[in-house]
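The values are calculated or read from the model by the stated rules, or taken from the named source; none is laboratory data. Owing to the predicted nature of the structure, the values given are computational and were not obtained by experimental measurement. Because the Cβ atoms are built from the backbone with ideal geometry, glycine has one as well, and the counts that use them run over all protein chains shown.
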Amino acid sequence: MWGKKDSTPPAPPSRPAAPPPSPVQEVTPVASSPTPRTTEPDRTASRSSQAHIGKSVVVKGEISGSEDLYVDGEVRGSIELRDHGLTVGPNGKVDANVIAREIVVHGTLNGNVQAADKIEIRKTGSILGDLTTARILIEDGAYFKGSIDILKPGHKADPQHRPAPGSAKSSTQPTLQMAAAAEPGKG
């Protein structure tokens, strides 16, 4: 006890406890411009640019173009958009012969219509004239008066040759003549 020396060396002086090393956090780079999140697909990216004729605009003459056209005003004359679409908005009034790839009518269209792909007459729309197309859609409530020439795939409409009413028609293109006004609620 008195003369015994401890064989174990004394403990080193205690240092203040260092904070435990902090975990490394990974940082995800952020885009410089945020991308909007929508539940609906972006239709503007899939289509080429679209020209717009507003409600208060009146056009008299010929319209031709290499982009889609939305008409919510008034057009008198002719519209030619061979590889593009025409949409007649709910306020649109078109008195013209129309040639386009695709035509959608929510308003009023008076004139002969040729569509390489399809024609759609929506429930608020009306067409008075002869139609030539590969596909047709007429919703309940829409108004249509005229004839329809349905083109078979691979056939193209001849814009210069439109048979006179009552003349013999080609057997490859069936014709449907009708006046239709579907009224909602009536079956």
**Report entry** region 42-55 - residue that is in a loop (DSSP other than H, G, I, E, B) and under 13 Å from the mean Cα position of the chain (by Cα) and, of those, modelled with the lowest pLDDT
**Finding:** ASP42
Requested in this report: From ILE121, ILE127, ILE103, grab the single residue that is closer than 19 Å to GLY65 by Cβ and crowded, with 21+ Cβ neighbours inside 10 Å.
Outcome: ILE103
Requested in this report: Could you please give the count of residues in region 56-85 that are under 20 Å from the mean Cα position of the chain (by Cα) and surrounded by fewer than 17 Cβ atoms within 10 Å (Cβ to Cβ)?
Outcome: 6
Query raised in the report: Among the residues of region 95-125, which ones are closer than 19 Å to VAL58 by Cα, assigned to a strand (DSSP E or B) and either within 15 Å of the chain's Cα centre (by Cα) or not acidic (Asp, Glu) (or both)?
Result: ALA96, ASN97, VAL98, VAL105, THR108, LEU109, ASN110
